[in-house]
Amino acid sequence: GEQVEQRPPHLSVREGDSAVITCTYTDPNSYYFFWYKQEPGASLQLLMKVFSSTEINEGQGFTVLLNKKDKRLSLNLTAAHPGDSAAYFCAVSEAGYQNFYFGKGTSLTVIP
Amino acid sequence: DTTVKQNPRYKLARVGKPVNLICSQTMNHDTMYWYQKKPNQAPKLLLFYYDKILNREADTFEKFQSSRPNNSFCSLYIGSAGLEYSAMYLCASRGYNYAEQFFGPGTRLTVL
């Protein structure tokens, strides 16, 4: 089955610095890619979804890159602020998108 | 309302006793999922309901039961809890036109 590896498990950056989290996956049939953010005590919230035809997506203060050739998905927070401190999870699914395969998560701390 | 609710948020159980966790959503989503999340591990899919059809993962088939009495509610049932069941249990739902899953805040189960 699909294997998703997420790195790093813990990340600490200063406010204003960039933070990069990367996931690699193994199944070439993977079709949909997701980043979720989880603040303490709260639900996983969808940050961004990326489909197979999309390589770069930009959101509020972050960029998601998908490289299907290398089977790599990354989340780049361009100028981190303390409100970005949370756990981040990548998830991958096939075209039928019934099953999600998650990474183990990255705990991000942004130091003011 | 795009929230998924879970009850209870915290559950203490004794070894050998049954446990019943509840999830609800009012988005009329046709698929509901249960995941198990342990520290430093990726959320692991246990089972999901697509409408009234239950799909259970092969490696947890005998450990967990579920029911979905109507579209809004889904339960996760453990017949005889063991210490290894201590974990966070996440419920999620997905609508037909969505690729992403919507998550509840989780139930933290501690088995003593």
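A few remarks follow.
- Screening the range B:103-112 for residues that are closer than 19 Å to A:TRP35 by Cβ and buried (at least 21 other Cβ atoms within 10 Å of the Cβ) and picking the one that is farthest from the other protein chains (Cβ to nearest Cβ) gives B:GLY106.
- Residue list for the range A:8-53, restricted to those being among the hydroxyl-bearing types (Ser, Thr, Tyr), in contact (Cβ under 8 Å) with a residue 40 or more places away in the chain, facing chain B (nearest Cβ under 10 Å) and in a loop (DSSP other than H, G, I, E, B): A:TYR31
- Of all residues in the range A:76-112, those that are open to solvent by 40 Å² or more (accessible area, probe 1.4 Å), within 14 Å of another protein chain (Cβ to nearest Cβ) and assigned to a strand (DSSP E or B) total 2.
Yes/no matrix, rows are residues, columns are (1) of a type in the set (A, V, I, L, M, F, W, C); (2) open to solvent by less than 30 Å² (accessible area, probe 1.4 Å); (3) at pLDDT 95 or above:
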{"site": "B:GLU57", "(1), (2), (3)": "no, no, no"}
{"site": "B:PHE61", "(1), (2), (3)": "yes, no, no"}
{"site": "B:SER67", "(1), (2), (3)": "no, no, yes"}
{"site": "B:PHE73", "(1), (2), (3)": "yes, no, yes"}
{"site": "B:LEU76", "(1), (2), (3)": "yes, yes, yes"}
{"site": "B:SER80", "(1), (2), (3)": "no, no, yes"}
{"site": "B:MET88", "(1), (2), (3)": "yes, no, yes"}
{"site": "B:ALA92", "(1), (2), (3)": "yes, yes, yes"}
{"site": "B:GLY95", "(1), (2), (3)": "no, yes, no"}
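- Verdict on B:TYR33 being open to solvent by less than 60 Å² (accessible area, probe 1.4 Å) and hydroxyl-bearing (Ser, Thr, Tyr): yes
- Any strands (runs of 3 or more DSSP E) falling wholly within the range B:1-61 and containing at least 3 residues that are more than 13 Å from chain A (Cβ to nearest Cβ): B:10-13, B:19-25
- Residue count, the range A:1-42 (criterion: hydroxyl-bearing (Ser, Thr, Tyr), open to solvent by 40 Å² or more (accessible area, probe 1.4 Å) and within 16 Å of A:LYS71 (Cβ to Cβ)): 3
- Entry remark, the range A:62-75: residues being buried (at least 16 other Cβ atoms within 10 Å of the Cβ), of a type outside the set (Ser, Thr, Tyr) and either in contact (Cβ under 8 Å) with a residue 60 or more places away in the chain or in a strand (DSSP E or B) (or both) number 6 in total.
The values are calculated or read from the model by the stated rules, or taken from the named source; none is laboratory data. Computed from a prediction, not measured in an experiment: that's the story for all the values here. All Cβ positions, even for glycine, are placed from backbone atoms using ideal geometry, and neighbour counts span all protein chains on display. Quick note on the areas: whole protein, heavy atoms, side chains included, nothing else; ligands and nucleic acids left out. Shrake-Rupley method; radii C 1.70, N 1.55, O 1.52, S 1.80 Å.
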